[in-house]
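Encoded as structure tokens, the structure appears first; notes follow it.
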Amino acid sequence: MIRTVTPDDIPLIHTMVRELAAYEKVPHEARATEEQLHEALFGERPAAYAHIAVDDTTGLSVGFSLWFLNFSTWRGVHGIYLEDLYVRPEARGGGHGKALLRELARICVERGYERLEWAVLDWNAPSIAFYEALGARAQDEWTVYRLTDGALGELGGR
């Protein structure tokens, strides 16, 4: 079962974000607080949205997706950018990741969005195989760039 996140889920989301960061070998980079997640998801101007995957047999929350809207100037419509997709190791292979992606694809279709995009680490072969089995294709001609910390502050005038 996939359901929309509630404010009561914030501690769970926070824990799973930290689990994901550990899986991606950068636990020190997961600095978001529960308060920040609450504000992003439920504040006056929500910047992100999330869903929880609940195991139908056990009733336990076993994964989540966290996403936000982007916009394509070429297509002229919004899309969804999937920031995080995580299923706990003990629940992998149970269809939860596919169900989370299916829900996001359903939202795209329902709202007329024409893209569902995300990034995956190039060493994450199990995830790459999973995404490709669903029909997703790597955008190899693009390179992601990011400004953070000192470089962002310097460019931004700090």
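The values are calculated or read from the model by the stated rules, or taken from the named source; none is laboratory data. Since this is a predicted model, take the numbers as computed values, not measurements. Methodologically, a virtual Cβ is constructed for each residue, glycine included, from the backbone with ideal geometry; neighbour enumeration extends over all protein chains shown. These area figures cover heavy atoms from the full protein model, side chains too; ligands, DNA and RNA do not enter into them. Shrake-Rupley method; radii C 1.70, N 1.55, O 1.52, S 1.80 Å.
In the chain, helical runs assigned H by DSSP with n ≥ 4 each contribute -39500 (n - 2.57); averaged across all residues and rounded to the nearest 500, the mean residue ellipticity at 222 nm is -10500 deg cm²/dmol.
ASP149 exposes around 100 Å² of accessible area when a 1.4 Å probe is run over every protein chain in place. Ordered from largest to smallest accessible area (heavy atoms of protein chains, 1.4 Å probe), the residues PHE130, PHE71 come out as PHE71, PHE130. Taking the Cα centre of region 63-158 as reference, the dipole from Cβ charges on Lys and Arg (+1) and Asp and Glu (-1) amounts to some 320 debye. Across all directions, the average flat footprint of the convex hull enclosing the Cα atoms of region 1-54 is 3.9 nm². Rounded to the nearest 20 debye, the dipole magnitude of region 32-117 is 420 debye, with +1 charges on Lys and Arg beta carbons, -1 on Asp and Glu beta carbons, and the Cα centre as origin.
Over region 59-158, the ratio between the Cα radius of gyration and 2.2 N^0.38 Å evaluates to 1.26. Across region 7-24, coupling constants 3J(HN,Hα) worked out from phi with the 6.51/-1.76/1.60 Karplus curve, θ = phi - 60°, read x, 5, 7, 4, x, 5, 4, 4, 4, 6, 4, 5, 4, 5, 4, 5, 4, 7 Hz, and Gly and Pro carry x. Working from Cα pairs under 8 Å separated by at least six residues, relative contact order for the chain is 17 percent.
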